[in-house]
Amino acid sequence: MALESYRTAEGESLSAHDRDAVLRRLADLALLPSSLVSPQERSILDTMLASLATRLDPQMRTRLAERLAQHVEAPRELALALALDDIEIAWVLLAEGSPLKDGDLVHVAREGTARHREMLAHRKELPSAVSDILIETGDTALACRLLENNTAQLSYRGIETLARRSASEPELQAPVLARPELTVRLAQLMFWWVPAALRLEILNRFTVERRHIHSAMEDMLDGVAAGDPALETALSLVRNPQPVDKQRLARIFSNQGPDRAELLTDGLSAATRVRPETMFRILNDNSGEPLAIFAKAVSMNRKEFGDLIVSAVDLRQGGLPTKKDLERIGELFDSISTDRADLALRIWDAAFASEAALGGVSTAEG
């Protein structure tokens, strides 16, 4: 029964002051230590207050939200009601409120306003289930706030969604790359649409020397994947780099005629055991870093790397590299080890194979 339906002894309606006094007393009771109020009584008070909270004036609701935020055992229904109140009232519960459990935060993320979700993005130790909803419902600005919250937890689905969104939302690229949840595969997939500076960051952070793996596996890999393309693709990530046959490479570069583009792509693909689709991407990337990685991975020398650049530019029939471009990719070729370059190459190849198997999800071209 609503409070205003109660009558005083004189038969008059309760005044606003008296009503607020009653609600304050109820709130005080609900916030008493558990040693003084039984769980059943607390539940009754919680349900009653949650249904009546909107009858309090904004200033009182704000003070009540501030009190609730400090109590782990505070009434949850009331806390949830105030958490969905106007953001000026709800913010303290959303930012740091102790009573709200993971399920409550999920509810607020789904049912609250954009401002509620924005405040949740700043919350410490935000559960991944809530992060997933913010990613699903939020725009680029909200995703950036979430990514910059170092204590927020991201699920694999969440970080993959943001990694893929970064192809069309470049503001996400640097924050996504800074997240500890980002996997090697996703980082190397992002390589194909981020600018040169971030490409170098990916190569520095997400490639490693595989000495220990090679040492442990070198006597077990010969012939293991024969006739099994999927297994061969997977094991390519742990095999020792294989240098390209130099005479075969020279013949590939010497091909002329109207079909030289196809011969170059197919020839290099077959000679280095890289999928034709991957080889096509490498040759057609205007920025040039993939050419440097490919050349180093298959043990080309500087002259052969230069021939590869000339062939790729001729294949594209445009997009001539500047002197600065050539210096940048030349430095990359000189600085990265063969093993790390081979790892990047094989991850690209495996990732593109996986993309094709999942329905040809497109990735942005460089």
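The values are calculated or read from the model by the stated rules, or taken from the named source; none is laboratory data. As the structure is a prediction and not an experimental result, all values here were calculated from the model. Cβ sites come from the backbone with ideal geometry, for glycine too, and all protein chains shown count toward neighbours. Only protein heavy atoms, including side chains, enter the accessible area calculation; ligands, DNA and RNA are left aside. Shrake-Rupley method; radii C 1.70, N 1.55, O 1.52, S 1.80 Å.
Over region 94-147, what portion of Cα pair distances is larger than 15 Å, expressed as a whole percent? In whole percent, the long-distance tail amounts to 32.
Annotation: residue 201 carries an accessible surface of approximately 60 Å², with a 1.4 Å probe and no ligand, DNA or RNA atoms counted. Among 234, 253, 343, whose Cα sits farthest toward the positive end of the charge dipole of region 230-366 (+1 at Cβ of Lys/Arg, -1 at Cβ of Asp/Glu, about the Cα centre)? Value: 253. All C-alpha pair distances within region 60-121, sorted into 5 Å bins from zero, spread as 4, 23, 38, 24, 10, 1 percent across the bins.
Taking the Cα centre of the chain as origin and assigning +1 to Lys and Arg Cβ atoms and -1 to Asp and Glu Cβ atoms, the resulting dipole is close to 740 debye.
Residue by residue, region 258-271 carries 3J(HN,Hα) couplings of x, 9, 5, 4, 5, 5, 5, 4, 5, x, 5, 4, 5, 6 Hz when phi is fed to the Karplus relation 6.51 cos²θ - 1.76 cosθ + 1.60 (θ = phi - 60°); x denotes Gly or Pro. From largest to smallest, the equivalent ellipsoid semi-axes obtained for the chain from the alpha-carbon gyration tensor read 63, 20, 15 Å. Distance from the alpha carbon centroid of region 132-185 to that of region 290-315 works out to 34 angstrom. Placing a pseudo-label 7 Å from each Cα along the Cα-to-Cβ vector at residue 250 and residue 110 gives an inter-label distance of 6.8 nm.
Of the whole protein surface, residue 260 contributes about 80 Å² of accessible area at a 1.4 Å probe radius. Modelled this way, with points 7 Å down the Cα-to-C-beta line, the labels at residue 211 and residue 270 are 3.8 nm from one another.
Provide the per residue accessible area, probe 1.4 Å, for the chain, rounded to a whole number of square angstrom.
On the way: 18520 Å² over 366 residues.
Averaged over the residues of the chain, the accessible area is 51 Å².
If the chain linking residue 237 and residue 59 were pulled fully straight, counting 0.36 nm for each residue of separation and taking away their Cα-Cα distance, it would gain 57.9 nm.
At a 1.4 Å probe radius, carbon and sulfur cover how many percent of the accessible area of the chain?
On the way: 10030 of 18520 Å².
On the chain, the fraction of accessible area on carbon and sulfur atoms equals 54 percent.
Estimated at the nearest 10 Å², the accessible area of residue 166 is 0 Å² with a 1.4 Å probe.
Considering helices alone, the calculated mean residue ellipticity of the chain at 222 nm is -18500 deg cm²/dmol, with DSSP H runs of length four and up weighted by -39500 (n - 2.57) and normalised per residue.
At 0.890 mPa s and 25 °C, plugging the Kirkwood radius over alpha-carbon pairs of region 181-297 into Stokes-Einstein gives what diffusion coefficient in µm²/s? Stokes-Einstein gives a translational diffusion coefficient of 152 µm²/s. A straight Cα-to-Cα reach below 16 Å connects residue 303 with the lysines 246, residues fewer than 8 places away in its own chain not being considered.
If you rank 265, 54 by how much accessible surface each has, with a 1.4 Å probe, what is the order from largest down?
Numbers: 265 15, 54 110 Å².
From most accessible down to least: 54, 265.
Label positions at residue 263 and residue 87, each projected 7 Å from the Cα along the C-beta direction, are separated by 6.4 nm.
Farthest toward the positive end of the dipole of the chain, out of 197, 295, 107, is the Cα of 295, where the dipole comes from beta carbon charges about the Cα centre.
For region 215-277, the alpha-carbon radius of gyration amounts to 1.37 times the rule-of-thumb value 2.2 N^0.38 Å expected for a compact globular protein.
Available extension along the chain between residue 314 and residue 137 is 59.2 nm, counting 0.36 nm per residue and deducting the alpha carbon span.
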